[in-house]
Amino acid sequence: MKINYEKIKSKALDIFPEICRYRRAIHRNPELSFAEHKTSAFIKDRLNELNIPYKVYAETGVAGTIGSGGVCVALRADIDALPVAEETALEFASENEGVMHACGHDMHTAMLLGAAEILKEYEGELNGCVKLIFQPGEEKLPGGAGLMIKQGVLKNPAPDVIFGQHVNPGEEAGKIGLATGPVMASADELYITLAGKGSHAAQPHQGNDPVMAAAHLINHYQTLLTKFRNPLHPGVLTITSVHGGNAPNIIPDEVKMMGTMRSYNQEWRQEMYGLIEENSKRICDNFGVDCKIDIVKGYPALFNDKPATEFVKNIATDLLGKDNVSEFEPKMWAEDFAYFAREIPAVFWFLGVRPEGIDEMSSLHNSAFAPDETAMINGMALLAGAAIAYLNPDNGFYSQAPASD
Ligand SMILES: [Zn+2]
Ligand SMILES: [Zn+2]
């Protein structure tokens, strides 16, 4: 079967106004991680209308299946919003105060619904099936991906490959960015409490100064980052919050700090847990300060499977033209799609959403984030096109794709 890419593209274009309406409805009613009840109901209504059977996972997650048997391709969209007060003045701006789709998950959800509509037309021709995974709670640990996997979303049918996408304000609307190997970092949260002994600032010798200990720790973490890491492996260890004291003449009892650690290298990540703990305690001992460290382990790094990524890149080029496809520069952001990628070959691509004629737009998680909706045409065409192509026996891909390790 020769795949008619023009047909897929024109279908995406036809349904674009409808998909925009879905996106705006979801945008208007954003819901926080693991509380996406209305969003989940909206998705189920649409799947019912399309006659797509589904199962519910992790309360607000939904997975529908188109076709049956044979090879299975999973497509994933995350559906949750953020605790951000929207400041866009859009006519469909958030009506849920203090909550906003500032990470584009409204578009991810709408595009997957659009892809479902396209794929439904191909149901009779698919040599296998497509699993549509609408995942809750990407923005909040432990993340909805892991929960859905634990509840069996990758079984019955078991996908052979999974594709996902994320909007990217750094690229022009509709352009696809792809990279093999590492694309997103692991992310751990650091919570540090330094308990000293407060004193009059003019009599520091009578206290144990946690502010001084904090200053040494912050500096030492940068030493850990440069002297205990192979410089060829990227890493981040940043203290983002320091709280202690409330007067110029009092040394406080306590300082609290928060921070983040990011990496692509699991071994270094593991080693750092110990180094942070031991070295912090040793440094704090010098000041007679007690140090309590809590490291909340976050998502693992996300690796794109090489053959599957090359496959998607070829499809994207055929479908959207080579000017619309480029190499994505990996980021130290984090994504719980990484959990899917640990189980099966995965490809996570980035979809430009920067409106034409603008050099720089508001970033993800910003209250003014206003992506260009026309990007959804290419986004849903590629989701559907990649699935159709993967299931096409003539491409021979799945018979030769090695399992990734
Ligand atoms: Zn986000
Ligand atoms: Zn996101």
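Nothing in this text is a laboratory measurement; each read-out follows from the coordinates by a stated rule. Nothing here was measured: the structure is a model prediction, and the numbers come from that model. For neighbour counting, all protein chains shown are included, and Cβ atoms are generated from backbone atoms with ideal geometry for every residue, glycine included.
Indicate the gyration tensor shape class of the stretch 108-172 (rounded, prolate or oblate), computed on the Cα atoms with a ≥ b ≥ c the square roots of the eigenvalues: a/c under 1.5 is rounded; otherwise a/b larger than b/c is prolate and the rest oblate.
Judged from the Cα gyration tensor, the stretch 108-172 comes out oblate (a/c at least 1.5, b/c at or above a/b).
Which residue, P371, A381, P30, has the largest displacement toward the positive end of the dipole of the chain when charges sit on each Cβ (Lys, Arg +1; Asp, Glu -1)?
It is A381, whose Cα lies furthest towards the positive end.
Once R0 is set to 22 Å, what does the formula 1/(1 + (r/R0)^6) return for the Cβ-Cβ distance between V236 and R342, expressed as a FRET efficiency to the nearest 0.05?
About 0.55, to the nearest 0.05.
Nearest 10 degrees is fine. How inclined is helix 266-286 to the longest principal axis of the chain, computing both from alpha carbons?
That works out to roughly 20 degrees.
What spacing in nm lies between the two simple spin-label points modelled at K140 and D394, each 7 Å away from Cα in the Cβ direction?
4.8 nm
Excluding residues fewer than 8 places away in the same chain, name every one of the aspartates and glutamates whose C-alpha is closer than 20 Å to that of K11.
Leaving aside aspartates and glutamates fewer than 8 places away in the same chain, those within reach of K11 are E49, E117, E121, E123, E125, D318, D372, E373.
Between K292 and Q151, take the C-beta separation as r, use R0 = 25 Å, and let me know the FRET efficiency to the nearest 0.05.
That pair, K292 with Q151, gives E of 0.15.
Quick one: of K150/K322; K44/K120; K306/K331, which pairs are farther than 27 Å apart, Cα to Cα?
Among K150/K322; K44/K120; K306/K331, the Cα-Cα distance tops 27 Å for K150/K322.
Please give the length that would be gained between K306 and Y191 if that part of the chain were fully extended, namely 0.36 nm times their separation in residues minus their C-alpha to C-alpha distance (nm, one decimal).
Between K306 and Y191, full extension yields 37.8 nm more.
Check the cysteines of the chain one by one and keep only those with no other cysteine Cβ under 4.7 Å from their own.
Cysteines lacking a close Cβ partner in the chain: C20, C72, C103, C129.
Hand me the trypsin sites (Lys or Arg not before Pro) from the stretch 1-107 located in a DSSP loop with no more than 16 other Cβ atoms within 10 Å, in residue order please.
Counting only loop positions with at most 16 other Cβ atoms within 10 Å, the trypsin sites (Lys or Arg not before Pro) in the stretch 1-107 are K2.
In deg cm²/dmol, rounded to 500, what helix-only [θ] at 222 nm does the chain give when every DSSP H run of at least 4 residues adds -39500 (n - 2.57) and the total is split over its residues?
-11500 deg cm²/dmol
Per 0.36 nm of contour for each residue apart, how much would the distance between E267 and T223 grow if the chain were fully extended, relative to their Cα-Cα spacing?
Difference between extended and current length: 14.0 nm.
By how many nm would the segment from V56 to A202 grow when fully extended, if each residue of separation counts as 0.36 nm and the alpha-carbon distance is taken off?
On the way: separation 146, 0.36 × 146 = 52.56 nm, distance 6.28 nm.
Additional length available on full extension: 46.3 nm.
Could you work out the relative contact order of the chain, using alpha carbon pairs under 8 angstrom and six or more residues apart, expressed as a whole percent?
Rounded, it is 24 percent for the chain.
Let me check I've understood the local charge: for K7, count other residues with C-beta under 12 angstrom from its C-beta, Lys and Arg +1, Asp and Glu -1. What total comes out?
-1
Helix 375-390: angle to the longest alpha-carbon principal axis of the chain, degrees 0 to 90, nearest 10?
Approximately 70 degrees, to the nearest ten.
Is the shape of the chain rounded, prolate or oblate, going by the alpha carbon gyration tensor and its root eigenvalues a ≥ b ≥ c, with a/c under 1.5 for rounded and a/b larger than b/c for prolate?
Note, shape of the chain comes out prolate.
Using a simple charge model, +1 on the beta-carbon of Lys and Arg, -1 on the beta-carbon of Asp and Glu, nothing else, what dipole does the chain show about its Cα centre, in debye to the nearest 20?
That gives the chain a dipole magnitude of about 720 debye.
With a Förster radius of 56 Å, plug the Cβ-Cβ distance of L275 and N4 into 1/(1 + (r/R0)^6) and report the FRET value to the nearest 0.05.
The pair L275/N4 has a calculated efficiency of 0.50.
May I ask for the angle, rounded to the nearest 10°, between helix 37-49 and the longest principal axis of the chain, with both axes built from Cα atoms and the value confined to 0 to 90°?
Approximately 10 degrees, to the nearest 10.
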